[in-house]
Amino acid sequence: MTQQPDDTGTGRRRRRDKLEPDPEVRREILAAASTSLRENGVRGLNIAAVLERTNLSTRAFYRHFNSMDDLVAAVFQEAARTERRRLQRRMAGAATPVEAVAAWIDGRLDLAFDAKIGSDLRRLSLEAQASPALVEPAYAEMLKPLTDALRHGLQDRVFHPIDPATEARFIHGVVWAGINQQWTAGESDREDLRRRIVGFCLRGLGVASHAINRICADAR
């Protein structure tokens, strides 16, 4: 006899009884994945390694993440949120959009010159370059404070007409080149590198020369 659809509500009860994601377990999985990613890179990160670190089941993993790619993207996203908050603290004292842009650049240069910050973020940053599709939302998070500063400068007419989101990516590209240069060779002087990057970026935004000279002369 053909089995009839379950009209008793049992199926609905089973769906309701399914455990909901637990924020604490999610944080535990993210922490384990972040550690594994820093130690072994994206290629060395897998579900088995994460479960071994957390003593969780496969079912617990899939309750919180749809796939390994979903987890990797979440790790980058969480790191980007932390970096965004740090950059915002760096920029909090800026009196003008021009100073805010320079402060964002200073904050990113910390990755190359501040061992306490760079040691945690360097591996994640390098791994991000190999997974561009997964980290796109993370980049948007990290660039948000810079994009906001550019938008304010556009509104105050201290910058040329620009698209803030596009210009933020250009500035990040320039800063990232300087960071990579220091990571590769380790011979850059921070103040000289800062002066060149800040000057180049602010000139591209149309900032007046006297303002650039003052910003470039400021100690970090």
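Miscellaneous remarks
- Label-to-label distance, Arg157 versus Thr82, with points set 7 angstrom from Cα along the beta-carbon direction: 4.4 nm.
- Additional length obtainable on full extension of the chain from Arg27 to Thr166, 0.36 nm per residue less Cα span: 46.8 nm
- Using 0.36 nm per residue and subtracting the Cα-Cα separation, the extra length available between Asn55 and Ala94 on full extension is 9.5 nm.
- Label point 7 Å beyond Cα of Ala217 along Cβ direction - residues of the stretch 78-105 with amide nitrogen under 17 Å: 99
- In range of the label at Ile47: residues from the stretch 54-97 whose backbone nitrogen is under 18 Å from the point 7 Å along Cα→Cβ: 54-75
- Overall shape: oblate for the stretch 136-219, with the ratio a/c of the largest to smallest alpha carbon gyration tensor axis at 1.5 or above and b/c at least equal to a/b.
- Sparse packing (at most 12 other Cβ atoms within 10 Å of the Cβ) combined with a DSSP loop state is found for the following GluC sites (Glu not before Pro) in the stretch 160-195: Glu187.
- Full extension of the chain between Glu191 and Arg203 gives 2.5 nm of extra length, using 0.36 nm per residue less the Cα-Cα distance.
- Between Trp176 and His210, the FRET efficiency estimated from the beta carbon spacing at R0 = 25 angstrom works out to 0.35.
Read-outs throughout are calculated quantities, based only on the coordinates presented, and are distinct from any laboratory measurement. Values in this document were obtained by computation on a predicted structure and should not be read as measured data. Virtual Cβ from ideal backbone geometry, glycine too; neighbours counted across all protein chains shown.
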